[in-house]
Amino acid sequence: MHQVTIRYPSGTSVAYPSGIKASETTSGFGPLSQPLAAVLINNELQSLDANIMTNCRIEPVMIDSVQGAYSYRRSLCFLAAIAARDLFPGRSLVVGQAIGYGFYHRFEDGPVTDSDIAALDGKMRQLVARDIPIAMQWWSYEDAMAWFKENGQEDTLLLLEMTNEPRIALNECAGFRDLHVTPLVPSTGVLKTFELLAYDEGFLLRYPRKENPGQIPPFEDDPLLYKITDDSRKRSGILGVSSVGALNRINAPKKVKDYITVAESLMNKRVSELADQVSARRESAKVVLIAGPSSSGKTTTSKKLTIQLRVLGFEPMVIGLDDYFVDRTRTPKDENGEFDFECLEALDVEYLNEQLVELFEGKEVELPAFDFKTGDRRPSGRRVRLGDRTILIMEGIHGLNDRLTPRIPKEHKFKIYVSALTQINLDEHNRISTTDNRLLRRMVRDNQFRGRSALDTIKMWPSVQRGERLHIFPYQNSADAALNSALDYELGVLKVYAEPLLRSVKPMHPEYCEAKRLLNFLAFFAPIPAQYVPQDSIVREFIGESSFKY
């Protein structure tokens, strides 16, 4: 019998029969502090019932790790779908955005009642108590299509139209089957920690933080996030596309071009509405502060807003916060001894406020310029004074934090939060992570304009997210207005650029796990030619050939 050699993190190697399931090899890990969610086999995330066919390195993925928490949360959504099928067979439960350590769920046919939530909670806990195996199964394409048709999962049927693979991976538990998008936990008994909380017309399926997998954190509402995602969901309804399969179906030259035209028009209309809101505050608002996480499209938003404000008779003046960095010798360092350019202390807040006060008093000031090569700030030679219709626009990660502008009265500030919150789903039970959308934007832009590889971008992404959690997300609900910059068609465009970049990440790289996951995700999208993207689109900020200068 052919054998494979499996190497463990401890350095030991053991020979097993080829084809052995990963679950039969886990004794080599020794005692574990948390339940296993999955395993890494040659840096690829795999289910515990995956068959091992080649020599490999194997590592445990516990529920308190990044990948393990991801599998745990996806598995909770799968568990909710099973419970909904058993309790409400005629209703379609749809997963939505993440809010307050939970996923928003709703029924397509109407509001969720308290009794519905109580029944779902009870059923899910029964399934957990039974500790039912969650298996990955391979089905023929024809049988998978027949199953989803029989069970009324139209979005999944549309999604499968994109593939012609002869076999399809499904997740199975208690007679319920769903598309295998990511490895799930090995059994329902792992999913002990969750909470259902009524929210608007649906409910939140709340999950634990990865650092404390046995406890649900206190609920912190995020009304701004919900409002902009709910508005965007209704916008998707106007466009008639709510899932990737539906998007793929219209991906013919004329239809997709018309769809993009309408999507971009809706985006421009929303920016125009932001300008109207600023104009309504024209007697008091002197500066528009735009903030948002990485690759949210803040820069293009500021340029579009500038145009709309001009239409209303304003004279917008853009001030770059990057020019207010302190000299490199004064730049704070993080815990790893690296320069921390994302903390507020990296900016000369005192000097910025001094110039703003002088401008608002009608004085002329000379704006600074920061030389990133030398790490020094110097005079720019650009002298400015505010006119009667001038309004300042400042864009940067700290825009919503009042510590950036402590000397500016609240009524003088109009704060806008920008984020890319994807609204289309893969199908009813599999949402698209907004973080994935931004990561793909960042990856394409880094390669197009900064010469960075996908490996580089994936490697530094955790640091970017850490900065967002510290400096952006805590202040998002202080915004006066918000813009969802995601365009539901854009992942079809980004796919063309991102796939070859992701394929350059090889299995020996630890980042291969993330690259492979993103490749599997992008495989569901039909490619959309970049030539259909308008030159003033936010998407152009990342793929290039924009009519704006950056």
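The charge dipole of segment 329-416, taken about its Cα centre with unit charges on the Cβ atoms of Lys, Arg (+1), Asp and Glu (-1) only, comes to about 400 debye. Descending by average beta-carbon neighbour count within 10 Å, the peptides 393-400, 222-229, 334-341, 39-46 line up as 393-400, 39-46, 222-229, 334-341, the highest first.
Which of the residue pairs LYS234/LYS549; LYS415/LYS549; LYS227/LYS415 have a Cα-Cα distance greater than 28 Å in the structure shown? As for pairs spanning more than 28 Å Cα to Cα, those are LYS234/LYS549. Restriction of the trypsin sites (Lys or Arg not before Pro) in segment 442-550 to DSSP coil positions whose beta-carbon has at most 10 other beta-carbons within 10 angstrom yields LYS549. With all protein chains in place and a 1.4 Å probe, the accessible surface of segment 163-256 carries 51 percent carbon and sulfur. Each residue of segment 59-70 was assigned a 3J(HN,Hα) from its phi angle through the Karplus expression (A = 6.51, B = -1.76, C = 1.60, θ = phi - 60°), giving 10, x, 10, 8, 5, 9, 9, 4, 5, x, 5, 4 Hz with x at Gly and Pro.
Each Lys and Arg adds +1 at its Cβ and each Asp and Glu adds -1 at its Cβ; summed about the Cα centre, the chain shows a dipole of about 900 debye.
Tell me, Kirkwood radius of segment 82-236 from alpha-carbon pair distances, in Å? Don't skip to the end; give the middle numbers.
Working: mean 1/r = 0.0584 Å⁻¹.
When all Cα pairs of segment 82-236 are included, the Kirkwood radius is 17.1 Å.
Label zone (ARG310, point 7 Å along Cα-to-C-beta; backbone nitrogen cut-off 15 Å) within segment 517-550: 536, 547-550. At 7 Å along Cα-to-Cβ for each site, give me the label-to-label distance between LEU197 and SER140 in nm. Output for this residue pair reads 4.8 nm.
Note that segment 203-210 has calculated 3J(HN,Hα) couplings of 8, 9, 8, 8, 10, x, 5, 5 Hz, one per residue in order, obtained from phi through the Karplus relation 6.51 cos²θ - 1.76 cosθ + 1.60 (θ = phi - 60°); glycine and proline are x. In segment 208-335, taking the dipole from charged Cβ atoms about the Cα centre, the farthest positive-side position among SER243, VAL318, ILE216 is held by SER243.
Remark: spin-label model distance ASN51-SER463 equals 4.3 nm, labels positioned 7 Å along the Cα→Cβ axis. Normalising the average separation of contacting C-alpha pairs (under 8 angstrom, six or more residues apart) by the number of residues puts the relative contact order of the chain at 15 percent.
Solvent-accessible area per residue in the chain equals 44 Å², computed with a 1.4 angstrom probe and all protein chains kept. The per residue volume of the convex hull around the alpha-carbon atoms of the chain is 165 Å³. The LEU32 and GLN215 beta-carbon pair, evaluated with R₀ = 25 Å, returns a calculated FRET efficiency of approximately 0.85.
Segment 1-34 to segment 132-207: how many Å between their Cα centroids? Segment 1-34 and segment 132-207 have Cα centres separated by 28 Å.
Taking amide hydrogens as placed 1.01 Å from N in the peptide plane, the amide H of VAL4 sits under 5 Å from those of TYR16, SER18, each at least 5 positions away in sequence or on another chain.
Summed over all non-identical Cα pairs, the Kirkwood treatment of segment 451-550 gives a radius of 15.8 Å. Database remark: amide H of ILE290 closer than 5 angstrom to the amide H of MET394, GLU395, GLY396, ILE416 (H placed geometrically; neighbours at sequence offset of 5 or more, or on other chains; Pro and chain starts carry no H). The dipole here belongs to segment 1-132: it is taken about the Cα centre, uses +1 on the Cβ of Lys and Arg and -1 on the Cβ of Asp and Glu, and is about 180 debye. The phi torsions of segment 343-355, fed into the Karplus equation with coefficients 6.51, -1.76 and 1.60 and a -60° offset, translate into couplings of 6, 4, 5, 6, 9, 8, 4, 4, 5, 4, 5, 4, 5 Hz, rounded to whole numbers, with Gly and Pro shown as x.
Between GLU366 and ASN268, the distance separating the two model label sites (each 7 Å from Cα on the Cα→Cβ line) works out to 4.1 nm. The distance from the alpha carbon centre of segment 346-402 to that of segment 494-510 is 40 Å, rounded to a whole number.
Farthest toward the positive end of the dipole of segment 1-139, out of ALA15, PHE29, ALA83, is the Cα of ALA15, where the dipole comes from beta carbon charges about the Cα centre.
Roughly speaking, to the nearest percent, how much of segment 417-550's 1.4 Å accessible area is carbon and sulfur? Please report the intermediate quantities before stating the final value.
Working: 2430 of 4900 Å².
Within segment 417-550, the accessible surface is 50 percent carbon and sulfur.
Projecting the Cα atoms of TYR70, SER485, ALA198 onto the charge dipole of the chain (Cβ charges, centred on the Cα centre) puts SER485 farthest toward the positive pole.
Structural descriptor for segment 322-411: relative contact order 29 percent, calculated from alpha carbon pairs under 8 angstrom and at least 6 residues apart.
Taking a quarter of the surface of the Cα convex hull of segment 38-129, what do you get in nm²? Intermediate values should be presented prior to the final figure.
Numbers: hull surface 30.9 nm².
That works out to 7.7 nm², a quarter of the Cα hull's surface.
For segment 75-134, which whole-number percentage of the solvent-accessible area (1.4 Å probe, protein heavy atoms only) is attributable to carbon and sulfur atoms? On segment 75-134, the fraction of accessible area on carbon and sulfur atoms equals 52 percent.
Helix content alone sets the calculated 222 nm mean residue ellipticity of the chain: runs of n ≥ 4 DSSP H residues at -39500 (n - 2.57) each, divided across all residues, give -11500 deg cm²/dmol. Quick one: grab the alpha carbon gyration tensor of segment 348-424, order the square roots of its eigenvalues as a ≥ b ≥ c, and give me rounded if a/c is under 1.5, else prolate or oblate depending on whether a/b is larger than b/c. Because a/c hits 1.5 or more and a/b fails to exceed b/c, segment 348-424 counts as oblate. A P(r) calculated from all alpha carbon pairs of segment 439-510, with 5 Å bins opening at zero, reads 3, 14, 19, 19, 19, 14, 8, 3, 1, 0 percent.
The values are calculated or read from the model by the stated rules, or taken from the named source; none is laboratory data. Model, not experiment: these values are computed from the prediction. All Cβ positions, even for glycine, are placed from backbone atoms using ideal geometry, and neighbour counts span all protein chains on display. Areas reflect the complete protein model, heavy atoms only, side chains present, ligands, DNA and RNA absent. Shrake-Rupley method; radii C 1.70, N 1.55, O 1.52, S 1.80 Å.
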